[in-house]
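Notes follow the structure.
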Amino acid sequence: MARRSMREEIVDAALAQFHEKGFNAAAVKDITDRAGVPKGSFYNHFPSKEALAIVALERYGEQRRLTDLADPGVPPVERIRKHFEFLRDDVVEHGITRGCLLGNFGTEIVDHSDPIRTAVHEGLVYWSGLLAGAIDEGQKAGEIRSDLPADQAARYLLSAWEGTLIQARADKSQAAFEVFFALTFDSLLKP
């Protein structure tokens, strides 16, 4: 079996380092060591750590299965619930030690890097748009209360989710997830 490209190895290693350590604590040498490539090869593929972070954010988004939110074969509320369950399960699987990379970068680096701020913003807009689409479908089907503007409800849910991740990590407990799911599906979205 052929070895993956060096660029892909670097992106995967960076995504893991950024998610585990944050942007500032993930040195280029740490990333290349993890990828098993010479440090000098990094600059053959990326002009800067910042440029690599943007690619890592894109890869992260691809791994979040966001397009599942637009699957017409699954009822909208079920889609939304399964989406957040998938995200929760991933966090729990990693010992509640990592949050959402968009949220992590959003609190750590966006004030210091316009390109990363733009990438985080675009990622959140894309995610929110897919979530709003599912909410809108649920409203039209009578599954979700119709007095909430879908786009505002989506943005609120993402903000609530990011706060839930912070609470879960601070408490090292799943209790915040239980509150998020109960309030989201038993109250906020219920018709």
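A few points about this structure:
- Residue within the stretch 120-137 that is open to solvent by less than 50 Å² (accessible area, probe 1.4 Å), within 23 Å of Leu57 (Cα to Cα) and part of a loop (DSSP other than H, G, I, E, B) present: no
- Residue match in the stretch 144-151 (condition: within 21 Å of the chain's Cα centre (by Cα), modelled with pLDDT of 95 or more, farther than 18 Å from Glu58 by Cα and small (Gly, Ala, Ser)): yes
- Per-region count, the stretch 1-40, residues out of contact with any helix residue (DSSP H, G or I) (no Cβ under 6 Å at 6 or more places or on another chain) and small (Gly, Ala, Ser): 7
- Qualifying residue in the stretch 165-178 (condition: over 20 Å from Val77 (Cα atoms), aliphatic (A, V, I, L, M) and surrounded by fewer than 13 Cβ atoms within 10 Å (Cβ to Cβ)): yes
- Flag if Arg155 is in a helix (DSSP H, G or I) and at pLDDT 95 or above: yes
- For Leu87, the conditions (1) part of a helix (DSSP H, G or I); (2) open to solvent by 40 Å² or more (accessible area, probe 1.4 Å); (3) under 26 Å from Glu137 (Cα atoms) all hold with the exception of (2).
The values are calculated or read from the model by the stated rules, or taken from the named source; none is laboratory data. As the structure is a prediction and not an experimental result, all values here were calculated from the model. Glycine gets a Cβ as well: all are built from the backbone with ideal geometry, and neighbour counts include every protein chain shown. Note: accessible area is taken over every heavy atom of the protein model, side chains too, but ligands, DNA and RNA are not part of it. Shrake-Rupley method; radii C 1.70, N 1.55, O 1.52, S 1.80 Å.
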